[in-house]
């Protein structure tokens, strides 16, 4: 496979990186981490004005109608800046759900508002620890009303609506539903999160109105398709964060002196930084594979998604952990920013399924491809 981003996409990357370096510094991220605001509203408004939330929404629904390659580029730069905004929840999951499975009426109603930033969406599937499966799904819709619980729901306290995965008492398969989070029959319970710059809540449904999202058949097939596509975008965001952790570690190693020399000149630190670079490079190669598969809707998208997801989880966690170690004892203090990429690495690693879940999916996808 010979694949590379175009000159226009490379230019978009440069512009996005420049914009975020000016508008999303570590100081700004820390304000959200330490404050009470659920996200950086000022940054979100600027990103909406740039059209990033409308990137892959078709032009007929007031979107930009660009390819998923542009969205991969944006995802990487948002990950690099560790942006404290609900972009992944609203764009990778909620918007994509409506694009893939919404009716014409639902697309006309929701997509223009998502593109303009008037609405923010989130996705609610998990209910407890462990892998989501037909056996663990208990939230149910009966007579157009939903009952049950979903947790953790990332950006659930920020979003205007949620795409909820639930059983239906009238059919054997599960389905997705659009739920207005302003409904008085919904209870939002804040949850403590390792990354307070991205809020998480427990949603409790007490008979709230549930609008079926598009085709209500083959719900499990749909959620697997959605997760495969979202995993590639999350992977790009994670590799951007991993690169930030590497940069932080490298800059500190060059500036910190011990025994009259920068610690970066010591072999142990050199090897530490080199190992981060190798893991990041391996993950990036898998992200390229994923970007190609997503943009072409390739048959092997499940393999590409799982490969990108597993390697990016590993790279981001390793880079953020070793960044703290490179800083030594000071790296564990609240005053240093090492905690910020580490917190984000842990949050994103669990957002749409853990590393173990995606390793199992990778094995199953490879076996299915061999059997075909």
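Any residue that is in the same structural domain as residue 105 (by TED's automatic domain parsing), modelled with pLDDT of 95 or more, part of a loop (DSSP other than H, G, I, E, B) and under 18 Å from the mean Cα position of the chain (by Cα) - is there at least one of those in the range 5-26? For the range 5-26, residues in the same structural domain as residue 105 (by TED's automatic domain parsing), modelled with pLDDT of 95 or more, part of a loop (DSSP other than H, G, I, E, B) and under 18 Å from the mean Cα position of the chain (by Cα): present.
Note on the range 170-183: among residues that are over 21 Å from the mean Cα position of the chain (by Cα), modelled with pLDDT of 95 or more and not in a strand (DSSP E or B), the one that is surrounded by the most Cβ atoms within 10 Å (Cβ to Cβ) is 183.
I want to confirm something. Restricting to the range 329-341 and keeping residues that are assigned to a helix (DSSP H, G or I) and touching a residue at least 40 places away in the same chain (Cβ under 8 Å), which single residue is surrounded by the most Cβ atoms within 10 Å (Cβ to Cβ)?
Applying the first criterion (assigned to a helix (DSSP H, G or I)) to the range 329-341 yields 329-332, 339-341.
When the remaining residues are screened for being touching a residue at least 40 places away in the same chain (Cβ under 8 Å), the result is 340-341.
Details: 340: 23, 341: 31.
Result: 341.
Residues to consider are 307, 312, 320; find the one that is over 19 Å from residue 69 (Cβ atoms) and either crowded, with 22+ Cβ neighbours inside 10 Å or assigned by TED's automatic domain parsing to the domain that holds residue 196 (or both).
On the way: 307 fails: over 19 Å from residue 69 (Cβ atoms); 312 fails: over 19 Å from residue 69 (Cβ atoms).
After ruling out the rest, the residue left standing is 320.
Residues to consider are 96, 77; find the one that is over 18 Å from residue 352 (Cβ atoms), touching a residue at least 40 places away in the same chain (Cβ under 8 Å), within 18 Å of the chain's Cα centre (by Cα) and outside the structural domain of residue 166 (by TED's automatic domain parsing). So that I can check it myself, show each step before the final result.
On the way: 96 fails: over 18 Å from residue 352 (Cβ atoms).
Step by step, each of 96, 77 is checked, and only 77 is over 18 Å from residue 352 (Cβ atoms), touching a residue at least 40 places away in the same chain (Cβ under 8 Å), within 18 Å of the chain's Cα centre (by Cα) and outside the structural domain of residue 166 (by TED's automatic domain parsing).
From the list 167, 192, 188, the lone residue that is modelled with pLDDT of 95 or more, surrounded by fewer than 24 Cβ atoms within 10 Å (Cβ to Cβ) and either assigned by TED's automatic domain parsing to the domain that holds residue 227 or in contact with a strand residue (DSSP E or B) (Cβ under 9 Å, 6 or more places away or on another chain) (or both) is 188.
Yes/no per residue for (1) within 16 Å of the chain's Cα centre (by Cα); (2) surrounded by 24 or more Cβ atoms within 10 Å (Cβ to Cβ):
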site	(1), (2)
45	no, no
49	no, no
68	yes, no
88	yes, yes
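The requirement of being farther than 25 Å from residue 4 by Cα, at pLDDT 95 or above, in contact with a strand residue (DSSP E or B) (Cβ under 8 Å, 6 or more places away or on another chain) and assigned to a loop (DSSP other than H, G, I, E, B) is fulfilled somewhere in the range 82-96, by at least one residue.
Residue 156 meets all of the listed conditions (1) part of a loop (DSSP other than H, G, I, E, B); (2) crowded, with 22+ Cβ neighbours inside 10 Å; (3) in the same structural domain as residue 46 (by TED's automatic domain parsing) but one, namely (3).
The values are calculated or read from the model by the stated rules, or taken from the named source; none is laboratory data. These numbers come from a predicted model, not from an experiment. Please note: Cβ atoms are built from the backbone with ideal geometry, for glycine as well, and neighbour counts cover all protein chains shown.
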